[in-house]
Structure formats: structure tokens, C-alpha cells
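Notes to accompany the following structure.
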Amino acid sequence: MILTPDDKVILSEGTILSESMIEGLHFWEINTVFIKEPLSDESEMDFSIPETAVQMKFFTEYEDTVNILKDSFAKIRFFKEVPLTATQNLARNCIEPLINTTGVINHINMVRRQDDYTFHHSVNVAIICGVLGKWLGYSGIELKDLILAGLLHDVGKTQIPLEILNKPGKLSPEEMEIMRLHTTRGYRLLRNKPEIPDGVIHGILQHHERFDGSGYPLGVSGDQIHPYAKIIAIADMYDAMTSDRVYHRKNSPFAVVEMIVEEMFNKLDPQIGTVFLNNVRDYLLGNIVELSDGRQAEVIYLGQFMAARPVVVTEDKEYIDLERNKTLSIVQVVKA
Ligand SMILES: [Fe+2]
């Protein structure tokens, strides 16, 4: 890991150095670094690298998982019964391996999803819960339960009419009220199952509660909210905002990180939020992004909290500090 004199991360451990990054190190007057592998001949920055084998394997297994969940949710809608063992197996055998894939957060950002929002979202939230849980030190059965809670957090949506759930436009206030019932409907689906851990049920019931008491269904706050629900809240927000549907345009993870920073000290648990942001920042380094002027650039430095406006280097080797150059912004991630 390479830090600035004021302890900001320039490059995290494991980063593959490109020519532009090396130039960036000179920019910071860093002339010596320890490297694990010699630089290959292909160290030149490449803006059109195809998906890696790891990423392609991830996409395939991810799609399979989404399809199994889709099937399972259809059955829950019809029978009003959660197939617990099957869902637990899905969490353990399908989601857990995805969580352990190198670069998992970047792969999620690159998944192209047009339909089946709820199922993609549920799988993504389960993955992000698992990754964040690991960053927070969860392991064993606790981590498995957290992943299960993430996977089932919106299971109550199976009890919401499809015309509201799949409505393309904005929901009316009445429809929004019905949509909000998914928290208590999910709770009702599972509350009589003694084999379901308490944390999973709380995660489902409370994932829209907010740290300052502004959430729903009960408006509880602070320590009254189960840690699983606080973790799901962050995973839910991150995934919803980086996807196309809910916010009607896809926000880049850089903008989303910035929004989470804004929410962190009132609506989210600041401790969990800080762990999330500190770790997610490392994933964003090295991303190839499209700038608002159409050029592509590589992210080479992220400030402590100003992740939305990092330092980037363009294809023609121009270094731009987006924090200083406010006329430009990141439109989307081209390659993560
Ligand atoms: Fe939800």
C-alpha cells in the first residue's frame, strides 16, 4: 500500500502497476516501491481489456443463482411459504463462493441487468452483505446468517401485487405505502419458523429502518436496529443506486459512495458505513471511467471521502484532479 504524507491511500496492496500509475507515483515524488511480481510487457494501460476469465465465471454463476432465486420467489408468491433449506443451500453453495471471488464488488458493478430487478437486487445485496460482513469481522454461522438475511431481505415483495412491483414509472403515494408493506409481509412469512435465526428475521423486518429513526415500518433508531438490518441497509442503498431502475438512471459507484458519505452520519450506522467506504474505495482504484466530455480515463487516486471526484489520467496522459476541475465529472464506469 502506498500512502501520501497525510496517510491517504494512493495505491492499495495488490494493485497491478500500469505506466500511468508509475507516472502518477513520480507526480507524488515516490521513486521506490516494493513489487511482488516483475512488470510484464503488457503493463501499458489498456482501455479495452475484455472481461477476464474470473469475471466471466462470476457472471455465469451469478446468472444461475439469480435464476434459482427467481424460481424460488415465484413459489413463495404462490404458496406463501419460504423453502428454507433450499434458500439456505442457495446462500451457502452459490452466494458464498461469489463473495470469495477476487474483485467481487467490481463484478457486481459490471453486471448488465435489464429485467428481473428484484432477483438481481436480492443476490447483489446478499453478496454485498457477505463482503461487508467479512470486512466487519463476521465469520462462520454468523456470516452465513447475514448472507441469508441479505438474500431474503425483500422476500416480502412476493406478497406485493405484481402490477405495483413491476410498475415502470414512479409509484403513487398509495402504491408506495403498499410497497413499504414488504418489510412486515416478509416478517410474517418467516416469524413462525423457529429454525430461522432471530437476526435474519430482524434483518428482513428492519432493513428500511434508519439510524436517526426516520425509517419504516416502526421508526426505531440506533441500537434498536439489529446489526444485520444496518448492514443490509447499506448494501441495499449501494446496489439500488448503482442500478438502472429505482433511481431511473444508473449512478456510477463513485457518485454512490459520495451519497453514502452524506447519509452516513444520520441515516446509517456511522461505524459500519466507515468500514464499507474505506474498503470500497480500494475497489474503485484502477477503474476505467467515462468522463462527462466523452473521454475515458483511469482512476489513480481517491481522496479520503471525496471518492466521487478522484484523480484520473486520460488516454492522452492528462492528469485531472476532478476535485479541482469541477467542470468534469464521471458519467459511468467502462471497465472495473
Ligand atoms: Fe426492501
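The values are calculated or read from the model by the stated rules, or taken from the named source; none is laboratory data. This one's a predicted model, so the numbers in the text were calculated from it and none came from an experiment. In this analysis, Cβ positions are derived from the backbone assuming ideal geometry, glycine residues included, and neighbour counts consider all displayed protein chains. Remember, those area values only see protein heavy atoms, side chains included, never the ligands or the DNA or RNA. Shrake-Rupley method; radii C 1.70, N 1.55, O 1.52, S 1.80 Å.
Between SER139 and LYS57, the simple spin-label model (points 7 angstrom out along Cα→Cβ) gives 2.3 nm. How large is log10 of I(q)/I(0) for the range 52-250 at q = 0.10, 0.15, 0.17 Å⁻¹ when the intensity is taken from the Debye formula with one equal scatterer per alpha-carbon? Rounded to two decimals, the profile gives -0.38, -0.90, -1.18. Rolling a 1.4 angstrom probe over the protein heavy atoms with all chains in place gives the range 52-250 an accessible area of 45 Å² per residue. With Cα atoms as the point set, the radius of gyration and Dmax of the range 83-125 evaluate to 11.5, 31 Å.
Loop only per DSSP, at most 15 neighbouring Cβ atoms within 10 Å: give me the trypsin sites (Lys or Arg not before Pro) in the range 179-282, ordered by residue number. Of the trypsin sites (Lys or Arg not before Pro), the ones in loops of the range 179-282 whose Cβ has at most 15 other Cβ atoms within 10 Å are ARG191, ARG249. Here the range 179-264 has 48 percent of its accessible surface on carbon and sulfur atoms, given a 1.4 Å probe and all protein chains in place. Among the GluC sites (Glu not before Pro) in the range 48-102, which ones are in a DSSP loop with at most 11 other Cβ atoms within 10 Å of the Cβ? Mind listing them? Sites meeting the loop and neighbour criteria: GLU81. Counting pairs of Cα atoms in the range 102-154, how many percent are more than 18 Å apart? Pairs farther apart than 18 Å: 34 percent.
Only alpha carbons enter this Debye calculation for the range 268-331, each as an equal point scatterer, and the log10 of I(q)/I(0) it gives at q = 0.17, 0.20, 0.24 Å⁻¹ is -0.57, -0.74, -0.96.
Could you give the dipole magnitude of the range 52-250 about its Cα centre, charging the beta-carbon of Lys and Arg +1 and that of Asp and Glu -1, in debye to the nearest 20?
Roughly 220 debye for the range 52-250.
Evaluated with a Cβ-only charge set (Lys, Arg +1; Asp, Glu -1), the range 189-273 carries a dipole of roughly 260 debye about its Cα centre, given to the nearest 20.
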